[in-house]
Amino acid sequence: MQKEIYTIVVFPGSAGSPIRIQFSKMVGKIALISLVAVSLCLGGAGIFFINQYANYKDDQVVLASLKRQEKIQKTQIDKFSKQVRSFETEMARLESFEKKLRIITAFENSPKGKQEHLGVGGPYGLSSHSFATSLEKETQSMLDRLSGDLNILTNHIKMRQFSFQELDEYLKNQKSLLASTPSIWPTRGWVTSGFGYRKSPFTGLPEKHEGLDIATRMGSEVRSTADGKVILAGRENGYGNMVEIDHGYGVLTRYGHNSKNLVKVGDKVKRGQTIALVGNTGRSTGPHVHYEVLVNGIPVSPRNYILED
């Protein structure tokens, strides 16, 4: 049986001889099938890569959106963390203020004051955290941490509110005591020597310093730190020109080394009233005020009684 032969004639040009390509019907079928298969494969591969590219572009858009959200959330959380830390600082300041109030009003020694232990403190442990890992995981972790800190702060606020309400009720009945309790700086300047033991500027030996030395310019005003009555205004050994005020309730204050005393024995003075001028009299190395607070005749640290910043 004679095989069917297909002939393809190719004319390379007007001057060239035609080229004949002959192949059997079987070979033609195989070539056609191969061509169709290759076309399908190439078409399929093209569709696959186009689809992958589209998915990639979608992923890029989603990733960019997530990064923007991450940046916004990180900024918000950082801002919130700073606010919480600022609130912590303010709470610590209020705790210190409350402690001083309780000391100077003797509220800690009252039966009611001993029943409650409201003063708690310490840092809450906030810190910055990297967002390099999974956005959802890190954000949730930070939010959980901030939520816990807020719960602590909320409880802390409630305790402070109750504590200050308690103090307010107590102080309403203690106006005279509060007015007679030293609570301000006698003058503005620099504390050059604190309360307690120090090296004597005269002998170089250890000595107990029973007040605060506050250095300032000559002639500055010296103020009474509470309401009271002047019981001494004159020169005293070591103190130079000194004013001593009896505030009642067993509390006395002394103001030494004055250049001039502006009050006399028997005068009644108010908190903040000018009672003398800063000087360098007595046992002194330069212009300053030597300020003492005595409770029942015992010198105590004046810093415990200063509520001003």
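Odds and ends about this structure:
- Within segment 170-195, tally of residues that are modelled with pLDDT of 90 or more and among the aromatic types (Phe, Trp, Tyr): 2
- Among residues of segment 207-223 being of a type in the set (Asp, Glu) and more than 34 Å from the chain's Cα centre (by Cα), the one that is modelled with the highest pLDDT is Glu221.
- Residues in segment 269-295 that are among the small types (Gly, Ala, Ser), within 17 Å of Lys229 (Cα to Cα) and surrounded by fewer than 18 Cβ atoms within 10 Å (Cβ to Cβ): Gly272 only.
- Sole exception among (1) assigned to a helix (DSSP H, G or I); (2) at pLDDT below 75; (3) over 25 Å from Val295 (Cβ atoms) for Tyr124, by number: (1)
- Meets criteria (modelled with pLDDT of 95 or more and buried (at least 22 other Cβ atoms within 10 Å of the Cβ)) for Ala226: no
- Top-ranked residue in segment 229-268 [being polar (S, T, N, Q) and surrounded by fewer than 20 Cβ atoms within 10 Å (Cβ to Cβ); ranked as farthest from Gly189 (Cα to Cα)]: Asn237
The values are calculated or read from the model by the stated rules, or taken from the named source; none is laboratory data. Bear in mind that the values here come from a model prediction, so they are computed numbers and not experimental data. Neighbour counts are summed over all protein chains in view; Cβ atoms, including those assigned to glycine, are modelled from backbone coordinates with ideal geometry.
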